[in-house]
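Before any comments, here is the structure.
The values are calculated or read from the model by the stated rules, or taken from the named source; none is laboratory data. This structure is a prediction, so every number in the text was calculated from the model and none was measured. Note that each Cβ is placed from the backbone with ideal geometry, even for glycine, and that neighbours are counted across all protein chains shown.
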Amino acid sequence: MASRSLMRDQYGRELNDLRISLTDRCNLRCVYCMPAEGIDFRPPEELLADHELLLLVRVAAALGTKKIRLTGGEPTVRPGIVDLVGAISATPGIEDVAMTTNGLRLDSLAGPLAGAGLRRVNISLDTLDPAKFGRITRGGRVDRVLAGIAAAEGAGLTPIKLNTVVVRGFNEEDVVDLARLSLDRPWEVRFIEVMPFGAVADVADAGIVPSEETMGRIEAVLGPLQPLDLSGGDPARTYRLPDAAGFLGFISPVSQPFCSRCGRLRLTADGRLRLCLLRDDEVDLLTPLRRGASYAEIKEIFAAGAYRRPFGHALAERLFPEKRVMIQIGG
């Protein structure tokens, strides 16, 4: 197949990574993701249907997208998820399909998803303490997540990456126990600074734990962190503990922004192309789709929106995204 020209934004950054939110629904209610009173979920008719989503995947692939990451809400609660993964992975030009999940349904879905073409998973795990896990997730069970991790590893959805959002007052003291998971297992445990969004911005803003503080807490107990890749292009900066089988990653969107190297676009479940995770600027793709726009017209709208992507967020100026919370974007 002839090589495809890659999308670039107005700053010359290549855009080959599309994060797709499959649903705004979730089977957990994490404190940094959803306000305590919940949110008004969109009715199904306001979300991308499978055929609409797959058309947009074909458009993105034609424009140079190679990697797809499926997010939510919680992507595994979308009906027909296995068939949808199969169709996405079969799209010409798509080379890698991954998923970010809370792991609760992987015990039964890991095998079928791997068979459909899913390559890798990132699994959210904010603490190993059952009581704290229940508090952070408002009722979740950590043993189900651990079962999901085991199932994912058994199905070959590797390398396993575990995502820990560090929130002061909730789990900043748990990072050492989580880091220990990398000693005997070939996993990457990633510690993510919490990001302020909409109705949960106050929780996140007060709860920010800089990555340097997390690193210091880990080193004080487990020894020096040996740097592996500090480019932040992943976007994690990666390290290894002495003689560890796995790695530790630190994602620092607040204290050490990596906007200059970001090549990601996001497609929301309601059909908006979100140009930056931490800005509210979006391009409506669903409306022209349903008005009968041609494939070529949708492709032009997609590419034009991608080109005007902003340089980065404005958290330093305390300009927080207000229109959505994280569960409506997918990270």
* When residues of the range 209-249 are filtered for being in contact (Cβ under 8 Å) with a residue 12 or more places away in the chain, more than 21 Å from Glu172 (Cα to Cα) and hydrophobic (A, V, I, L, M, F, W, C), how many remain? -> 3
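So which residues in the range 58-110 are of a type in the set (D, E, K, R) and touching a Leu at 6+ places or on another chain (Cβ under 6 Å), if there are any at all? Reasoning before the result, please.
Restricting attention to the range 58-110, the residues satisfying the condition of being of a type in the set (D, E, K, R) are 58, 66-67, 69, 74, 78, 83, 95-96, 105, 107.
Listed by number, the list holds a single entry, Arg78.
Being surrounded by fewer than 19 Cβ atoms within 10 Å (Cβ to Cβ) and either modelled with pLDDT under 60 or not polar (S, T, N, Q) (or both) is the filter here, so list the residues in the range 287-300 that pass it.
Here is the first cut: in the range 287-300, the ones surrounded by fewer than 19 Cβ atoms within 10 Å (Cβ to Cβ) are 287-288, 290-300.
Result: Pro288, Arg290, Arg291, Gly292, Ala293, Tyr295, Ala296, Glu297, Ile298, Lys299, Glu300.
Do you know which residues across the range 258-274 are out of contact with any Asp or Glu (no Cβ under 6 Å at 6 or more places or on another chain) and either hydroxyl-bearing (Ser, Thr, Tyr) or assigned to a loop (DSSP other than H, G, I, E, B) (or both)? Break it down into steps so the answer makes sense when it comes.
The initial filter retains those residues of the range 258-274 that are out of contact with any Asp or Glu (no Cβ under 6 Å at 6 or more places or on another chain), namely 258-262, 265-268, 271, 273.
Of everything in the range 258-274, those that are out of contact with any Asp or Glu (no Cβ under 6 Å at 6 or more places or on another chain) and either hydroxyl-bearing (Ser, Thr, Tyr) or assigned to a loop (DSSP other than H, G, I, E, B) (or both) turn out to be Phe258, Ser260, Cys262, Thr268, Gly271.
Looking at Ser255, Ser231, which is the one that is modelled with pLDDT under 95, over 21 Å from Tyr11 (Cβ atoms) and not in a helix (DSSP H, G or I)?
Values: Ser231 fails: over 21 Å from Tyr11 (Cβ atoms).
Only one candidate passes the filter, namely Ser255.
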* **Candidate set: the range 125-147, residues that are farther than 20 Å from Val194 by Cα, surrounded by fewer than 20 Cβ atoms within 10 Å (Cβ to Cβ) and among the aliphatic types (A, V, I, L, M); chosen: the one nearest to the chain's Cα centre (by Cα)** => Leu146
* Asked: Is one or more of the residues making up the range 45-55 surrounded by fewer than 16 Cβ atoms within 10 Å (Cβ to Cβ), farther than 23 Å from Glu300 by Cα and either touching a strand residue (DSSP E or B) at 6+ places or on another chain (Cβ under 6 Å) or without any contact (Cβ under 8 Å) to a residue 60 or more places away in the chain (or both)?
  -> yes
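Confirm whether Gly12 is at pLDDT below 95 and farther than 25 Å from Cys276 by Cβ. Spell out the reasoning first.
Values: at pLDDT below 95: yes; farther than 25 Å from Cys276 by Cβ: no.
So Gly12 does not fit the description; no.
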* Output the residues belonging to the range 63-82 that are basic (Lys, Arg) and either buried (at least 24 other Cβ atoms within 10 Å of the Cβ) or in contact with a strand residue (DSSP E or B) (Cβ under 7 Å, 6 or more places away or on another chain) (or both). => Lys66, Lys67, Arg69
